[in-house]
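Beneath this line is the structure, given in structure tokens, with notes to follow.
No value in this document is a laboratory result; all are computed from the given coordinates. These numbers were taken from a predicted model, which means no experiment stands behind them. Cβ sites come from the backbone with ideal geometry, for glycine too, and all protein chains shown count toward neighbours.
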Amino acid sequence: MTGVDPGRLDDQQLMKELETIHRTRHDTLLYASNDALRAHNERMAQLEGEYLRRNPRRLVSAGRTREGARERGCGETSTPGEPEV
């Protein structure tokens with residue numbers, strides 16, 4: 001494993017790690033070696049898994065569910081309070 005075990009990070013450190021890995025995702029996908037992409041995938045899964053473990057009742061926007069997407073129908077790309085995609 002690369003990096004600190006996510007379970008040992010405090011909440012602020014975990015969020016910073018998540019922000020960093022999400023920010024670097026696109027360039028890693030486009031330009032990194034297969035080994036680097038694989039390591040990135042593994043680390044992202046570890047960090048996201050830890051976030052979900054700590055926040056099992058996190059706020060879920062209705063528009064980010066299947067039912068919410070069906071209710072939006074064609075033409076709308078976001079729900080109130082969410083940025084347009």
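Side notes on the structure shown:
- Counting every other Cβ atom within 10 Å of each residue's Cβ, Arg25, Arg70 order from fewest to most as Arg70, Arg25.
- Rg and Dmax of the stretch 1-77, both derived from C-alpha coordinates alone, stand at 15.7, 44 Å.
- The residue among Leu14, Asn41, Ser61 whose Cα reaches farthest toward the positive pole of the charge dipole of the stretch 6-72, with charges on the beta-carbon of Lys, Arg, Asp and Glu, is Ser61.
- Taking other C-beta atoms within 10 Å as the exposure proxy, Glu71, Glu17 rank Glu71, Glu17 from fewest upward.
- Burial ranking of peptide ranges 40-46, 56-62, 18-24 (average Cβ count within 10 Å, highest at the top): 40-46, 18-24, 56-62
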